[in-house]
1. Using a 1.4 Å probe, how large is the accessible area of residue 74, given in Å² and rounded to the nearest 10?
2. Step through the residues of region 63-75 one at a time and calculate ³J(HN,Hα) from phi using the Karplus curve (6.51 cos²θ - 1.76 cosθ + 1.60, θ = phi - 60°), rounding each to whole Hz and writing x for Gly and Pro.
3. When only DSSP loop residues count, what GluC sites (Glu not before Pro) in region 20-117 have their Cβ near at most 11 other Cβ atoms within 10 Å?
4. Using a Förster radius of 25 Å, what is the FRET efficiency between residue 93 and residue 115 based on their Cβ-Cβ separation? Nearest 0.05, please.
5. For region 46-52, just list the computed ³J(HN,Hα) in residue order, Karplus coefficients 6.51, -1.76 and 1.60, θ = phi - 60°, integers in Hz, with x standing in for Gly and Pro.
6. Quick check on region 68-113: of the DSSP beta bridges with both residues there, what percent are antiparallel, nearest 5%?
7. In nm, give the distance between the simple-model label positions of residue 83 and residue 56, each being 7 Å from the Cα along the Cα-to-Cβ direction.
8. Give me the net charge for the shell around residue 99: Cβ to Cβ below 13 angstrom, other residues only, Lys and Arg +1, Asp and Glu -1.
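The values are calculated or read from the model by the stated rules, or taken from the named source; none is laboratory data. Since the model is a prediction, treat every value here as computed from it, not as a measurement. Please note: Cβ atoms are built from the backbone with ideal geometry, for glycine as well, and neighbour counts cover all protein chains shown. Just the protein is used for accessible areas: all its heavy atoms, side chains included, with ligands, DNA and RNA removed. Shrake-Rupley method; radii C 1.70, N 1.55, O 1.52, S 1.80 Å.
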Amino acid sequence: MAALCSRFSQISRPFSTAGRLLSSQMSNPLEHATGLEKKELLSRVGGNDNPFDLRVLKRGPGTRDCPNQIPSGFDSRLVGCICEEEATTVQWMWLHQGCPRRCACGHWFQLVYKAPV
Ligand SMILES: [Zn+2]
């Protein structure tokens, strides 16, 4: 038994720190991104942290003469209206360019063109 223990104690265990070095030297994700992800990252670097306009917009007066402006780079966009502050559901509707639309709660929405990312 003593001979076995001394034999194991002489075995050296190799180790490497290469993995740690690689993780600390990871490149910028911008260099690996392609397509839409790259456009999004470039927009964020340029100072636009909401390139796809996905944040919740606060409604304005929303009258027929002064509708809520919804930006879109396309001909139509799906919009959700939280009609009342305590509402537990969202009223969804499609908005199309040139056709302002009224929600069931009475607020008007209009699509305005915004250049796509
Ligand atoms: Zn509504």
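1. 140 Å²
2. Here the 3J(HN,Hα) series is 7, 5, 7, 9, x, 5, 8, 10, x, 7, x, 10, 6 Hz.
3. On the way: sites: 31, 37, 40, 84, 85, 86; in loops: 84, 85, 86.
Listed in order of number, the matching sites are 84, 85, 86.
4. Values: r = 24 Å, r/R0 = 0.95.
The calculated FRET efficiency here is 0.55.
5. These are the phi-based 3J(HN,Hα) values: x, x, 9, 8, 9, x, 9 Hz.
6. Values: 9 of 14 bridges.
Approximately 65 percent, going by the DSSP bridge assignments.
7. 1.8 nm
8. Working: positive: 64, 77, 101, 102; negative: 75.
So the surrounding residues net to +3.
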